[in-house]
1. Specify which of the listed residues (GLY76, GLY50) is farther than 18 Å from LEU185 by Cβ, without any contact (Cβ under 8 Å) to a residue 24 or more places away in the chain and either not assigned by TED's automatic domain parsing to the domain that holds GLY200 or not aromatic (Phe, Trp, Tyr) (or both).
2. Quick check: is even one residue across segment 22-33 assigned to a helix (DSSP H, G or I), in contact (Cβ under 8 Å) with a residue 12 or more places away in the chain, touching a His at 6+ places or on another chain (Cβ under 8 Å) and not assigned by TED's automatic domain parsing to the domain that holds ARG146?
3. I need the full set of residues from segment 188-203 which are closer than 25 Å to PRO101 by Cβ and surrounded by fewer than 19 Cβ atoms within 10 Å (Cβ to Cβ), in order please.
4. State yes or no: is LEU86 without any contact (Cβ under 8 Å) to a residue 40 or more places away in the chain and closer than 24 Å to LEU177 by Cα?
5. What is the number of the single condition among (1) farther than 30 Å from ILE148 by Cβ; (2) without any contact (Cβ under 8 Å) to a residue 12 or more places away in the chain; (3) part of a loop (DSSP other than H, G, I, E, B) that VAL214 does not meet?
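The values are calculated or read from the model by the stated rules, or taken from the named source; none is laboratory data. Just so you know, these numbers come straight off a predicted model, no measurement behind them. Glycine gets a Cβ as well: all are built from the backbone with ideal geometry, and neighbour counts include every protein chain shown.
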Amino acid sequence: MESDPHAPLWRHLTLRCYRELNDFLPVPSRERCFQFRFSGQPSLKSVLEGAGVPQAEVDLVLVDGQSTTLDHPITGGERLEVFPLLEPLEIDSFTPLRPRPLPDAFILDVNLGRLARLMRLSGLDCLYRRDFDDEEIVRLACEHGRGILTRDKGILHRGAVIHGYWVRNTDPERQLLEVIHHYALEGRLSFFSRCIRCNGLLHTISRDEVRDRVPAGAWREHRHFFVCDDCGQVYWRGSHHRAMTRTLTRLGLLSKTQGPETGP
Ligand SMILES: [Zn+2]
């Protein structure tokens, strides 16, 4: 039998993905070493793309035990170990792919509107607009050093994305906990400090100043009011505030005794 002179010369490497990166692999390749087939001399980045693992979620790749960069040429026979974001202690002796520090400001895709509200409620800086398209999200993320949070894996495969994360959960409250845990944001939460409509910061405003800007009942019942620096929305500690406090307490983010000190 004659071989086809135009057939690519296949090479192989051994690939192992760790932790949540397995979510991007077909089931038989998860949590184990598997053979990955390729031709030519691709970069490490191309191999990751070929395997379906978005480079935006990869923090460290060991090629035969050595940390390396995404442009590293792959020739065949290597053993690749691919890690997602790691704790600083775990990564100490290696060179991570992602620049440090990790982002503490975010931009969310169109599917994550309810998560955006919960994140703002928790004081996290997040841009969200229903009319942002993928290109705009990537551009704004790069310009302002924001991490992209998305339910669309496709956006993370764009080459320009530096920090990006595919949110696994579909329930917004679980998504909030997932993102806080993934980016280790526990120490950065500041409840009721940000406008849930526009992401602006809130500051206190005197009761007299808001007399004509809030319903008469709210003005009579409440002493403390807060206003958004950006859109002018006025907040007070009404029923919505109480409901959100209960939600944050139920999620374990706010303890029963630790009421929000400031904010509406
Ligand atoms: Zn606002």
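1. On the way: GLY76 fails: without any contact (Cβ under 8 Å) to a residue 24 or more places away in the chain.
Checking each option against the conditions leaves just GLY50.
2. Looking through segment 22-33, none of the residues is assigned to a helix (DSSP H, G or I), in contact (Cβ under 8 Å) with a residue 12 or more places away in the chain, touching a His at 6+ places or on another chain (Cβ under 8 Å) and not assigned by TED's automatic domain parsing to the domain that holds ARG146.
3. ARG188, LEU189, SER190, GLY200, LEU201
4. On the way: without any contact (Cβ under 8 Å) to a residue 40 or more places away in the chain: yes; closer than 24 Å to LEU177 by Cα: yes.
The answer is yes for LEU86.
5. Among (1) farther than 30 Å from ILE148 by Cβ; (2) without any contact (Cβ under 8 Å) to a residue 12 or more places away in the chain; (3) part of a loop (DSSP other than H, G, I, E, B), the lone unmet condition for VAL214 is (2).
Let's see how each residue does on (1) out of contact with any strand residue (DSSP E or B) (no Cβ under 9 Å at 6 or more places or on another chain); (2) at pLDDT 95 or above; (3) within 16 Å of the ligand (Cβ to nearest atom):
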residue	(1), (2), (3)
ASP171	yes, yes, no
LEU176	yes, yes, no
TYR183	no, no, no
LEU201	no, yes, yes
PHE225	no, yes, yes
VAL234	no, yes, yes
GLY238	yes, no, no
GLY252	yes, no, no
